[in-house]
1. For the pair Val182/Ser122, report the inter-label distance in nm, with labels modelled 7 Å from Cα in the Cβ direction.
2. Once the Cα gyration tensor of the stretch 146-216 is diagonalised, what are the square roots of 5 times its eigenvalues, in whole Å and ordered largest first, as equivalent ellipsoid semi-axes?
3. Taking the DSSP beta bridges in the chain as the whole, what percent of them are antiparallel, to the nearest 5?
4. Can you give the percent of C-alpha pairs in the stretch 93-149 whose distance is more than 15 Å?
5. Report the charge-dipole magnitude of the stretch 146-216 in Debye, nearest 20, computed about the Cα centre from +1 at each Lys and Arg Cβ and -1 at each Asp and Glu Cβ.
6. Skipping prolines and chain starts, which residues have an amide H placed within reach, meaning under 5 Å, of the one on Gly111, given they are 5 or more residues away or on another chain?
7. For Ser89 and Lys163, what does the FRET efficiency come to when R0 = 41 Å and r is the distance between their Cβ atoms, rounded to the nearest 0.05?
8. From the C-alpha coordinates alone, can you work out the Kirkwood hydrodynamic radius of the chain, in Å?
Amino acid sequence: MGKWKLRPEKVSWREEAKKRVALEAVKHLQDDFIVGLGSGSTAAHVIQEIGRQILKAGLRVLGVPTSSQAMMLAVRSGIPLTTLDEYPSLDLAIDGADQIDKKLDMIKGGGGAMTREKIVASAAKQFIIVADETKLVDKLGTNCRVPVEVLPFALATATASIKELGGKPLLRESGRKVGAVVTDNGNYIVDIDFGPMKDTEELNRRLKLIPGVVETGLFIKMADIVYLGKPDGIIRLER
Ligand code: 5RP
């Protein structure tokens, strides 16, 4: 086979949609902004686009990464980084999501980064979510587990308490290494099946009261704007 491919590789509409919403979200950036950099495949497009804007248009921003993935990609993309210690208040954070409902509440943590993602989002004056439209659901928890980050010391006790709340917990196992996934904070992740959830705010409160639960993937009343990519455009939702 020569170097020419007979058929160009087909890029899925979801991948195109993710890129489109990433470009839209990056338009919110202004010079001298301190921006939270999210994790996951859609946030990766955001990070790469910020890098391009720095290179091509001389955009002047500093980034605060939410994970080692975001940190490494930001470095490769040429985004100068800072920390919450230096800037406890951010102008903007942009991140992805696993499920979003019409109130703009969300499940996050598919990539296991929800603790830092939530800290960074809560420090930001504006929180923008980018995703493809398949993430929009009527009820959070429909075919999607809620990840919680748990201290290894508390795994058994926290798991028992999660069952008392009616959830079916599953320790997240690594695909590429034996044993449990260990987060950037040195903890485990328990993915909980609650089924479609009614009162996510109350559930979040109860989960956070369990000793050893560091953070949950329920992001309630946090997103300001959601950009959802469709096969043929973008939907903008606002809270
Ligand atoms: C990581 C996250 C991600 O933002 C979420 O999993 C969405 O990822 P993707 O854009 O790859 O679908 O919360 O912890």
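Nothing in this text is a laboratory measurement; each read-out follows from the coordinates by a stated rule. Everything numeric here is computed off the predicted structure, so don't read it as measured data. Glycine also receives a Cβ, built like all others from the backbone with ideal geometry; neighbour counts cover every protein chain displayed.
1. 2.6
2. Value: 20, 13, 10 Å, ordered largest first.
3. 55
4. Result: 46 percent of Cα pairs exceed 15 Å.
5. Value, rounded to 20: 160 debye.
6. none
7. For Ser89 and Lys163, the calculated efficiency is 0.60.
8. 18.5
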